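**Student:** The structure follows.
The values are calculated or read from the model by the stated rules, or taken from the named source; none is laboratory data. Bear in mind that the values here come from a model prediction, so they are computed numbers and not experimental data. Note that we place each Cβ from the backbone using ideal geometry, even for glycine, and neighbour counts take in every protein chain shown.
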Amino acid sequence: MDIYDEIEIEDFTFDPELKIFQHPCPCGDRFAITLDDLVDGEDIAVCPSCSLMVKVIFEPEDLEEFLED
C-alpha cells in the first residue's frame, strides 16, 4: 500500500451529519474516512477521485468528543 502522507486527525474537518472526516487532496477532491472506520481501528483515508491515500494519525481518545454527539 502506497501512502501519500500522514496527517494528524486535528487537521481533518468533521461532518457531524455524515460522521465523516475529510481533508483536501492535491487533486482537488477530499480524502475521507468515517468515524466508524476510525473506531474500528482503520487509519487510511482515501480520495474518491484519485488513487492517493493518507494515514490518519490519532489516538482512540481523540475520537471521544465525536462519539458523544
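**Student:** Between a first residue in region 41-69 that is within 19 Å of Pro26 (Cα to Cα) and a second residue that is modelled with pLDDT of 95 or more and part of a helix (DSSP H, G or I), which pairs have beta carbons less than 6 Å apart while being 6 or more apart in sequence or on different chains?
**Tutor:** Val56/Ile9
**Student:** Let me ask another. Can you name the residue in region 37-69 that is part of a helix (DSSP H, G or I) and acidic (Asp, Glu) and, of all such residues, is farthest from Lys19 (Cα to Cα)?
**Tutor:** Glu61
**Student:** Which condition from (1) of a type outside the set (A, V, I, L, M, F, W, C); (2) assigned to a loop (DSSP other than H, G, I, E, B); (3) surrounded by 15 or more Cβ atoms within 10 Å (Cβ to Cβ) is the one that His23 breaks?
**Tutor:** Evaluating His23 over (1) of a type outside the set (A, V, I, L, M, F, W, C); (2) assigned to a loop (DSSP other than H, G, I, E, B); (3) surrounded by 15 or more Cβ atoms within 10 Å (Cβ to Cβ) leaves (2) as the failure.
**Student:** A further question follows. Anything in region 1-12 that is more than 17 Å from Pro60 (Cα to Cα) and part of a strand (DSSP E or B)? List them, or say none.
**Tutor:** Narrowing region 1-12 to residues more than 17 Å from Pro60 (Cα to Cα): 1-5.
Across region 1-12, the qualifying residue is only Asp5.
**Student:** Need the failing condition index for Asp62 against (1) modelled with pLDDT under 95; (2) over 13 Å from the mean Cα position of the chain (by Cα); (3) not aliphatic (A, V, I, L, M), just the number.
**Tutor:** So the condition that Asp62 fails would be (2).
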